[in-house]
Amino acid sequence: MTAHEPAWTTDDVRSFRTMVRQFVQQELVPHQARWRQQHRPDADAWTSAGAAGLLLPDVPDQYGGGGGTFAHEAVVLEELARAGVDFACSIQSIVAHYILAYGSEGQKQTWLPRLADGTLVGAIAMSEPGAGSDLQGIRTIARREHGCYAINGSKTFITNGCNAGLVCLAVKTDPAASPMKSLSLIMVETENLPGYHVGRSLEKVGMHAQDTCELFFDDVRVPQDNLLGGIEGRGLSQMMQQLPYERLTVAVSAIATAERAVAVTTKHAKERSAFGKPLMDFQNTRFKLAECRTEAHVGRIFLDHCIARFIAGDLDDVTTAMAKYWLTDSECRIVDECLQLHGGYGYMTEYPIARMWTDSRVQRIYAGTNEIMKEVIGASL
């Protein structure tokens, strides 16, 4: 199988990939079984990743980041997916880009270097028990009192929630205002914060090594200066502007996982025999793998086109929605076909394809469900 190298690959990106791949294989892969049992990565994995340069690779170096482009972020996501590692450093980057886009210079200098070196773990808290993709349904309230915001409410499905030291929190600052003007984003530093509670690790279908939990805010008080953007009521527009970045990271992981599924299954089909001959000698096996390989390759070309446009600054929201919806749907189709070719072994969690199957399903849900993506696309017609 001929390797496809994206047009956005430069010598710097190529050497960065070599470093990332080595770090992932040496420092993250050996711990995956234990992380799955404890439902979260080790806390020191964050500082190790920060020291190696995996965190915030596309944030300017003046704020402690890698000074690269989204190509460097994509490399990290691809190498994690190809190694089967659940480590949500993309959330770290997403939080950082909210600060980079809307934060004051003081906020950038305070938080970005610590996110980059891993001494501060970031989480973004939008979803609530009664508000998932419908961000206008958020009920967590923040009221101004004596120079602070008093925050009450709860969040759920929060990736990195257990280890999070900095939460980008979506709240209602004016419940009486129109939906477009009622929401704000407030940065919450969680260490020793009265009224802040982390709930249980949630039992998920997949991504068992990834830290996902509930967060509770019981009269939590944070400085008014922690408001992102300086003016209340801009939260929804800020989220709409930044969600394409998150959706593109999901698309990157989707195609890298699909490509890994094809590679793993091709190897299995050559080594496994049935009825006295290798599975690969059966026409059905070859045809199914040909279909999966073709679909993954078509998806890769589209993704690389999107990444190149994003780096150039001209990737629109509709195309990003297309990428997130189409590529995650494709990921699930491909992984499911590949699992089928493993037979009963495909249903055993010791096999990588089984974990890919359970891990992939959420891709069609988070960062805005694929049904929401179709609404975004449909609204543009």
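Can you work out which of the residues in region 193-243 that are acidic (Asp, Glu) and in a strand (DSSP E or B) is most open to solvent (accessible area, probe 1.4 Å)? Walk me through how you get there before you give the answer.
The first filter runs over region 193-243 and keeps only residues acidic (Asp, Glu), leaving 203, 211, 214, 218-219, 225, 232.
Those left that are additionally in a strand (DSSP E or B): 214, 218-219.
Numbers: 214: 44, 218: 98, 219: 71 Å².
Result: 218.
Considering only region 1-78, give the helices (runs of 4 or more DSSP H) lying wholly within it that have at least 2 residues that are touching a helix residue (DSSP H, G or I) at 6+ places or on another chain (Cβ under 7 Å) and in contact (Cβ under 8 Å) with a residue 24 or more places away in the chain.
Values: elements: 11-23, 32-38, 44-52.
Hits in region 1-78: 11-23, 44-52.
State which residue is surrounded by the most Cβ atoms within 10 Å (Cβ to Cβ) when the search covers only region 82-121 and only residues that are charged (D, E, K, R) and part of a helix (DSSP H, G or I). Don't jump to the end; show me each part of the working.
From region 82-121, those charged (D, E, K, R) are 82, 86, 105, 108, 114, 117; that's our starting set.
Then keep just the ones that are part of a helix (DSSP H, G or I); that gives 82, 105, 108, 114, 117.
Details: 82: 16, 105: 8, 108: 19, 114: 17, 117: 17.
Going through the qualifying residues, I end up with 108.
I want to confirm something. Restricting to region 342-381 and keeping residues that are open to solvent by 30 Å² or more (accessible area, probe 1.4 Å) and touching a Cys at 6+ places or on another chain (Cβ under 9 Å), which single residue is nearest to residue 124 (Cα to Cα)?
The residue in question is 364.
Taking the criterion of being farther than 30 Å from residue 204 by Cα, in contact (Cβ under 8 Å) with a residue 40 or more places away in the chain and aromatic (Phe, Trp, Tyr), would at least one residue in region 317-330 satisfy it?
Looking for residues that are farther than 30 Å from residue 204 by Cα, in contact (Cβ under 8 Å) with a residue 40 or more places away in the chain and aromatic (Phe, Trp, Tyr), one finds none in region 317-330, hence no.
Please name all residue pairs, on different chains or six or more residues apart, with Cβ atoms under 8 Å, provided the first residue is in region 166-179 and is open to solvent by less than 10 Å² (accessible area, probe 1.4 Å) and the second residue is modelled with pLDDT of 95 or more and among the polar types (S, T, N, Q).
166/190; 167/190; 169/140; 170/140; 170/184; 171/140; 171/184
Of all residues in region 265-282, count the ones that are assigned to a strand (DSSP E or B) and either touching a Phe, Trp or Tyr at 6+ places or on another chain (Cβ under 6 Å) or surrounded by 11 or more Cβ atoms within 10 Å (Cβ to Cβ) (or both). Talk me through it step by step, then tell me what you get.
First, the residues of region 265-282 that are assigned to a strand (DSSP E or B): 273-274, 277-278.
Then drop every residue that is not either touching a Phe, Trp or Tyr at 6+ places or on another chain (Cβ under 6 Å) or surrounded by 11 or more Cβ atoms within 10 Å (Cβ to Cβ) (or both), which leaves 273-274, 278.
Of the residues in that region, 3 qualify.
The values are calculated or read from the model by the stated rules, or taken from the named source; none is laboratory data. Note that the coordinates shown come from a computational prediction; the quantities given were computed from them, not determined experimentally. For neighbour counting, all protein chains shown are included, and Cβ atoms are generated from backbone atoms with ideal geometry for every residue, glycine included. All accessible areas refer to the heavy atoms of the entire protein, side chains included, with ligands and DNA or RNA removed. Shrake-Rupley method; radii C 1.70, N 1.55, O 1.52, S 1.80 Å.
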